[in-house]
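The values are calculated or read from the model by the stated rules, or taken from the named source; none is laboratory data. All figures in this text were calculated on a predicted structure; none of them were measured in a lab. Here the Cβ positions follow ideal geometry from the backbone for every residue, glycine too, while neighbour counts run over all protein chains shown. Just so you know, the surface numbers come from the protein's heavy atoms only, side chains and all, with ligands and any DNA or RNA stripped out. Shrake-Rupley method; radii C 1.70, N 1.55, O 1.52, S 1.80 Å.
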Amino acid sequence: MLLRHTTDKIKERKALTVNPAKTCQPIGAMYAALGVHGCLPHSHGSQGCCSYHRSALTRHYKEPVMAATSSFTEGSSVFGGQSNLLQSITNIFTIYEPEIIAVHSTCLSETIGDDLGQIVGKAQDDGLIPEGKHVIQAATPSYVGSHVTGYANMLESIVKYFARKSDKLKKQINILAGWVEPSDMRELKRILKLMKIKNVLLPDTSDVLDAPMTGKYEMYPKGGTTIPEITSMGDSLFTIGLGEWATRNAAIMLDNQCKVKFDIEDLPIGLQATDRFIQTLSKAGSVSVPESINDERGRLVDVITDMHQYFYGKRVALWGDPDQLIPLVEFLVSIDMKPVYIVSGTPGKEFGKRMEKILEERVPEAKYKNGANADMLLMHQWIKDNPVDLLIGNTYGKYIARDEDIPFVRMGFPIMDRIGHSYFSTIGYMGSIRILEKILSVLMDKEDATCLEESFELVM
Amino acid sequence: MVKKIDTTKGLPDPSEVMDEILGKYPTKIAKKRKKSLVINDPEGKKEIQANVRTIPGIITQRGCTYAGCKGVILGPTRDVINLVHGPIGCSFYAWLTRRNQTRVPEGGDNFINYCFSTDIQDSNIVFGGEAKLKDAVREAFEMFHPKAIGIFSTCPVGLIGDDVHAISREMKAELGINIFGFSCEGYRGVSQSAGHHIANNGIFKHVVGNNNRDRIGKFQINLLGEYNIGGDAFELERLFDEAGITLLSTFSGNSTLKSMEYSHTADLNLVMCHRSINYIAEMMEEKYGVPWIKISFIGAEGTAKALRKTAGYFDDPELTAKVEEIIEREMKKVNAVKNTVKPKTEGKLAMMFVGGSRAHHYQDLFREIGVTTVSAGYEFAHRDDYEGRDVIPSIKIDADTRNIENLTIEKDVELYRDDLAAKKKQLLKDGYNFSDYEGMMPEMTKNSLVIDDINHWEAEKLIEYYKPDVFCAGIKEKYIVQKAGIPLKQLHSYDYGGPYAGFEGAVNFYLEMERMLGTQIWKMVDTPWKTEPEIVGSFAINE
């Protein structure tokens, strides 16, 4: 047994986290910054933070992930990291020549009280930032929130720094993407094109973290939202934030700074959340929904009706981030699956409220928890107590899947042992079909491998 | 096809590309980096700058002290709960990412697949995290009943002054199991290397010597600095087992803390990764009189040499005969594969920038299949790993090094092995080398470029210059180099392959290089229509 020490004896814990369903803020800040064109993320802390974040993102995307670090030593920890950051800014602009440096803090620099705004201001005053280049900064203490919080904080900082209101309104809407894959960013753009809505998508990691092999390495790939695009977000008609946790701060910032009204929607995962997204788009862009979108929706509903018998009543355990889990759980309920166990290390009261609403009627037995000690150990213990038919979550689920012999669909971050997430979206109606296809494949593979010989089915 | 450098008359002098690299840097930086770039001359001894701070803003390969302590040294030991006291990230990123394989006997403990953290929050930063740490230790004990718990301090808890050592002592007394702490905050030292030293100190202080058990074999050894990436240690265990050599403990691949407790009863320590573990080797000799030798099991010839050297130490005819029998049998298998692979790999060029010993050891494997290493360097090594241990007395001790405790070791009068000390004295007279490591540079070709703590800019320029057939580094570099059209072999994780140690490991590596260097995909990168004239179509579909 891989997790041989896990038992069904659940003990109330107040201090120990085992097998977390979250990680820390700075990696989210790094990921968000990579979705801006010509931007080099910079980690203001020990080298290890930057190295770990780059490694984790690289394992997930199998793509170059560039970022620099302030390389703190004990001295900088005592005397403050100002000189490290000033030196970093000079060196980065001289050697790596980005358009933008996106600095995020770490638990180390936050604990000693480094004020990034003040240091970047000093860099500006001292003339260390070349003409036309930019340094943006976000406070991302690792001991608050989770990786999603870091993403949200950097997104807010990007908007705050670049978005400006001119006297000319632009007939476009802003889409603030939650933490999704490059494939999902691409899918969002495709949907918006079908809807014929001009838009700015921020961040946009497509063509950055799914770059083609050309034989030539590009430190700043062609993708990413550009500075003029982000600046123009202040003149947009409306903002749609996709994901309460990841995008609300940035949406509020745009409203405060440029008076662009906003709406926060769930990530368009599954039938109902995509319906809501399409309706919001239709309203925001004053466009009717095209036939092609209706057709895609129809295909999704068709797949559900065709295969409903295989979904019905299946018990599912899920772990990951609230912005993904909420629409995903709603989707599973809508196809009559039973999401019985759900954990997320990311805190936030809204999670419990939304889960209650989604689950209370059709899956009253469901257990869910987020925040402190809502970890994969707890979920595994629930499973030990009363098993499930399916697991959905990041790569770390494979240990439970093997021990308990449970079919497993990989979704979320990080996925380190399979590919596909960078290329095949799981949002919108088409992405939802992919989710269903993945669920059916693992459930049916198990059925095929374990059923009695006389019950072996050719047609399913 | 890319035009390669001409190596028929030896390697060209890379001064020009070196100047180009340094020319991009601000003057002060150029001056500093210049000392870490050395054009090798195996005859004339050259000094390289190593184990110094990375310049802020430079995209380095290096990680932190915590990574070296918890990730590298303690990570592979299966029967200890490694509890990370800090925000969640530190423990999360070190969770199963180093491929330390372990074979657990029926009913044995294995906590490697788990990730333990105190997940400290802002309130802990303000009011202190010691109470939470104590609760976490108690909860871990009640739920998992481990034999030992290691506690790792991270940047913020070090800064707020949480004392992991005092808490460890208190909890040890309360719970009655071995509990010990490591001050391995990420900001200590200049790289992972500081963490290795801190881990060595902690294990030596709190674990080694806790169990004076009786002899269980005629020839008892420990293997130090072997972390069982991809099953390397399994292959070596197989060889020792067959030879009749008793491997008491490995530091720390496929190990138990229990085995480390009686490791001081060994007759000899074999040191693989000199950088990460030489401290324990030295301390064990000072305290218990166990001598150490530097060996490498990377490469078939190195493996044969290491086995012979081990047998030579024990000087037992039966053991020597057995070792020779194994070498003869295994080399036959190795040579059969080598002979089919080498014609396809001969003359190819490699570059490797990794770790604190692998960038040296893997040159041997490449040499066996005719691949020349044109440029190499370590991520976190010291001067002695480049130039040999002779230079140790001349290494300047800077503030960062002084930060790391140097344990004062006293001879254990009861347990000190006078017999081994006498044996060492005799063998030294016969020309047998102890406590010796010559480093990477004397073994590298003239004009090869040796670089410490290489960064992204330097690597990119060198790839342009050398156009190597294979580049060896880690996960962060993997796809950068491959995007430039050059295959990268990860030498931390082995790209999830291996084992590459020992004889079977050598065979695996030869075959891996046959695959990697022979794949056709790199020739298919360009579109077939790249060279054709552009067609202006009149049948294009317009919407």
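Quick one: which residue in A:95, A:27 is over 21 Å from residue B:64 (Cα atoms), in contact with a Phe, Trp or Tyr (Cβ under 9 Å, 6 or more places away or on another chain) and either at the interface with chain B (Cβ under 9 Å from one of its Cβ atoms) or open to solvent by 10 Å² or more (accessible area, probe 1.4 Å) (or both)?
On inspection, the qualifying residue turns out to be A:95.
Of the numbered conditions (1) touching a residue at least 12 places away in the same chain (Cβ under 8 Å); (2) open to solvent by less than 10 Å² (accessible area, probe 1.4 Å); (3) out of contact with any strand residue (DSSP E or B) (no Cβ under 9 Å at 6 or more places or on another chain); (4) facing another protein chain (nearest Cβ under 7 Å), residue A:58 fails exactly one; give the number of that condition.
Condition (1) is where residue A:58 drops out.
Between residues in region A:1-19 that are of a type in the set (Lys, Arg) and residues that are assigned to a loop (DSSP other than H, G, I, E, B), which pairs lie under 7 Å by C-beta distance while being six or more apart or on different chains?
Final answer for the pair search is A:4/B:110; A:13/A:373.
From the list A:345, A:352, which one is closer than 18 Å to residue A:17 by Cα, small (Gly, Ala, Ser) and under 20 Å from the mean Cα position of the chain (by Cα)?
None of the other options fit; the residue is A:345.
What helices (runs of 4 or more DSSP H) lie completely within region A:139-240 and have 2 or more residues being over 19 Å from the mean Cα position of the chain (by Cα), hydrophobic (A, V, I, L, M, F, W, C) and in the same structural domain as residue A:265 (by TED's automatic domain parsing)?
Per the criteria, A:182-194, A:227-232.
Among what's in region B:13-28 and is under 15 Å from residue B:450 (Cβ atoms) and in a loop (DSSP other than H, G, I, E, B), pick the residue that is nearest to the other protein chains (Cβ to nearest Cβ).
B:14
Is there any pair with a first residue in region A:206-217 that is within 11 Å of chain B (Cβ to nearest Cβ) and a second that is open to solvent by 70 Å² or more (accessible area, probe 1.4 Å) and at pLDDT below 95 whose Cβ atoms are under 8 Å apart and which are 6 or more apart or on different chains, and what are they?
A:215/B:526
Residue A:375 - would you say it is under 24 Å from residue A:11 (Cα atoms), open to solvent by 30 Å² or more (accessible area, probe 1.4 Å) and touching a residue at least 12 places away in the same chain (Cβ under 8 Å)?
It is false that residue A:375 is under 24 Å from residue A:11 (Cα atoms), open to solvent by 30 Å² or more (accessible area, probe 1.4 Å) and touching a residue at least 12 places away in the same chain (Cβ under 8 Å).
Any chance you could count how many residues in region B:464-482 are more than 19 Å from residue A:50 (Cα to Cα), within 14 Å of chain A (Cβ to nearest Cβ) and open to solvent by 20 Å² or more (accessible area, probe 1.4 Å)?
The number of residues fulfilling the criteria is 3.
Taking the options A:151, A:143, name whichever one is of a type in the set (Phe, Trp, Tyr) and open to solvent by less than 10 Å² (accessible area, probe 1.4 Å).
A:151
Mind checking which residues of region B:184-229 are away from chain A (no Cβ under 14 Å), buried (at least 24 other Cβ atoms within 10 Å of the Cβ) and at positive phi?
Result: B:225, B:228.
Examine region B:61-83 for a residue that is assigned to a strand (DSSP E or B), closer than 30 Å to residue B:25 by Cα and in contact (Cβ under 8 Å) with a residue 12 or more places away in the chain, and state whether such a residue exists.
No, region B:61-83 contains no residue that is assigned to a strand (DSSP E or B), closer than 30 Å to residue B:25 by Cα and in contact (Cβ under 8 Å) with a residue 12 or more places away in the chain.
Scan (1) among the charged types (D, E, K, R); (2) open to solvent by less than 60 Å² (accessible area, probe 1.4 Å); (3) more than 7 Å from chain A (Cβ to nearest Cβ) for the single condition residue B:130 breaks and write down its number.
Looking at each condition in turn, residue B:130 falls short on (2).
Counting only residues that are basic (Lys, Arg) and touching a residue at least 40 places away in the same chain (Cβ under 8 Å), give me the helices (runs of 4 or more DSSP H) lying completely in region A:270-358 with at least 2 of them.
Here the list reads A:291-311.
Residues of region A:67-86 being among the hydrophobic types (A, V, I, L, M, F, W, C), buried (at least 20 other Cβ atoms within 10 Å of the Cβ) and either under 23 Å from residue A:35 (Cβ atoms) or more than 7 Å from every other protein chain (Cβ to nearest Cβ) (or both), which ones?
The answer is A:67, A:68, A:85.
Against the condition open to solvent by 20 Å² or more (accessible area, probe 1.4 Å), out of contact with any Phe, Trp or Tyr (no Cβ under 9 Å at 6 or more places or on another chain) and at the interface with chain A (Cβ under 8 Å from one of its Cβ atoms), how does residue B:135 come out, does it pass?
Taking the combined requirement at face value, the residue satisfies it.
State whether the residues of region B:343-352 include one that is part of a helix (DSSP H, G or I), under 22 Å from residue B:448 (Cα atoms) and out of contact with any Ser or Thr (no Cβ under 8 Å at 6 or more places or on another chain).
Looking for residues that are part of a helix (DSSP H, G or I), under 22 Å from residue B:448 (Cα atoms) and out of contact with any Ser or Thr (no Cβ under 8 Å at 6 or more places or on another chain), one finds at least one in region B:343-352, hence yes.
Within region B:154-163, does at least one residue satisfy the condition of being within 23 Å of residue B:257 (Cα to Cα), open to solvent by less than 40 Å² (accessible area, probe 1.4 Å) and within 8 Å of chain A (Cβ to nearest Cβ)?
Yes.
From the list A:119, A:89, which one is crowded, with 21+ Cβ neighbours inside 10 Å, in contact (Cβ under 8 Å) with a residue 40 or more places away in the chain and either hydrophobic (A, V, I, L, M, F, W, C) or more than 7 Å from chain B (Cβ to nearest Cβ) (or both)?
Exactly one residue qualifies, and that residue is A:89.
Among the residues that make up region A:31-41, is at least one of them facing chain B (nearest Cβ under 7 Å) and open to solvent by 10 Å² or more (accessible area, probe 1.4 Å)?
The answer is no, given that none of the residues of region A:31-41 is facing chain B (nearest Cβ under 7 Å) and open to solvent by 10 Å² or more (accessible area, probe 1.4 Å).
When you check residue A:48 against the structure, is it out of contact with any strand residue (DSSP E or B) (no Cβ under 7 Å at 6 or more places or on another chain), within 9 Å of chain B (Cβ to nearest Cβ) and open to solvent by less than 10 Å² (accessible area, probe 1.4 Å), yes or no?
The answer is yes for residue A:48.
Residue-wise test of (1) at pLDDT below 95; (2) more than 19 Å from the chain's Cα centre (by Cα); (3) facing chain A (nearest Cβ under 8 Å).
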site	(1), (2), (3)
B:52	no, no, no
B:61	no, no, yes
B:66	no, no, yes
B:78	no, no, no
B:93	no, no, yes
B:101	no, no, no
B:117	no, yes, yes
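Can you report the number of residues in region B:367-403 which are over 12 Å from residue B:52 (Cβ atoms), open to solvent by less than 20 Å² (accessible area, probe 1.4 Å) and aliphatic (A, V, I, L, M)?
Within region B:367-403, residues that are over 12 Å from residue B:52 (Cβ atoms), open to solvent by less than 20 Å² (accessible area, probe 1.4 Å) and aliphatic (A, V, I, L, M) number 5.
Just to check your reading of the model, which residue among A:111, A:106 is in contact (Cβ under 8 Å) with a residue 60 or more places away in the chain and either facing chain B (nearest Cβ under 9 Å) or hydrophobic (A, V, I, L, M, F, W, C) (or both)?
Going through A:111, A:106 in turn, just one is in contact (Cβ under 8 Å) with a residue 60 or more places away in the chain and either facing chain B (nearest Cβ under 9 Å) or hydrophobic (A, V, I, L, M, F, W, C) (or both): A:106.
Could you go through region B:426-435 and let me know if any residue there is buried (at least 19 other Cβ atoms within 10 Å of the Cβ) and touching a residue at least 24 places away in the same chain (Cβ under 8 Å).
No - not one qualifying residue is present in region B:426-435.
What tally of residues in region B:139-153 results from selecting those that are open to solvent by 30 Å² or more (accessible area, probe 1.4 Å) and either closer than 17 Å to residue A:106 by Cβ or facing chain A (nearest Cβ under 8 Å) (or both)?
2
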